[in-house]
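What follows is a short report on a single structure.
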Amino acid sequence: MGWASMAQRMLGVSIRTFSEPAAALDPLGAVYWLTDGIEPGVPLAQAVFDTAHVSVDPETGAPVSTNNPILGVRLIDLPNNPTNRDRVRARGVLYMINEPQFDGVAGVTITLRKV
């Protein structure tokens with residue numbers, strides 16, 4: 001088993017553990033991917049949504065908090081690579097994609113902005 005497949009499996013375990021509810025269980029609480037912003041979007045079976053997060057400044061190592069929500073997903077769970085035309089609906093709120101940060105192997109953390 002290569003590095004990429006191991007990373008894919010471990011990321012899958014993490015995302016399943018912390019994921020928002022599936023659309024079948026909670027349609028209003030689920031995460032939807034709107035390619036080119038077109039409603040109603042595709043429900044993401046596995047996605048981790050957080051309303052705010054803390055990151056680390058790479059130059060100083062100091063923690064930097066932000067009020068921007070983020071979405072963490074595996075690339076294979078998205079219908080397309082993220083673009084600035086796509087939208088995300090999470091917990092009933094519509095967001096624009098601000099900045100996707102690819103991990104270089106299997107996943108992406110996407111900084112969002114409320115529409």
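Bear in mind that the values in this text are calculations on the coordinates, not laboratory data. Note that the coordinates shown come from a computational prediction; the quantities given were computed from them, not determined experimentally. Methodologically, a virtual Cβ is constructed for each residue, glycine included, from the backbone with ideal geometry; neighbour enumeration extends over all protein chains shown.
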Calculated [θ] (222 nm, deg cm²/dmol) that DSSP helices of n ≥ 4 give over the chain, each run adding -39,500 (n - 2.57): -4500 deg cm²/dmol
Taking the stretch 69-115 and dividing mean pair separation by its residue count, relative contact order in percent (alpha carbons under 8 Å, at least six apart): 43
Most positive-pole-ward Cα, 61, 107, 93, against dipole of the chain from beta carbon charges: 93
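Given the C-alpha atoms of the stretch 3-114, compute the convex hull and give its volume per residue in Å³. Please list the in-between numbers first.
Details: hull volume 11.9 nm³, N = 112.
Normalising the Cα hull of the stretch 3-114 by residue number yields 106 Å³.
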Relative contact order for the chain, counting Cα pairs under 8 Å that sit 6 or more residues apart, in percent: 25
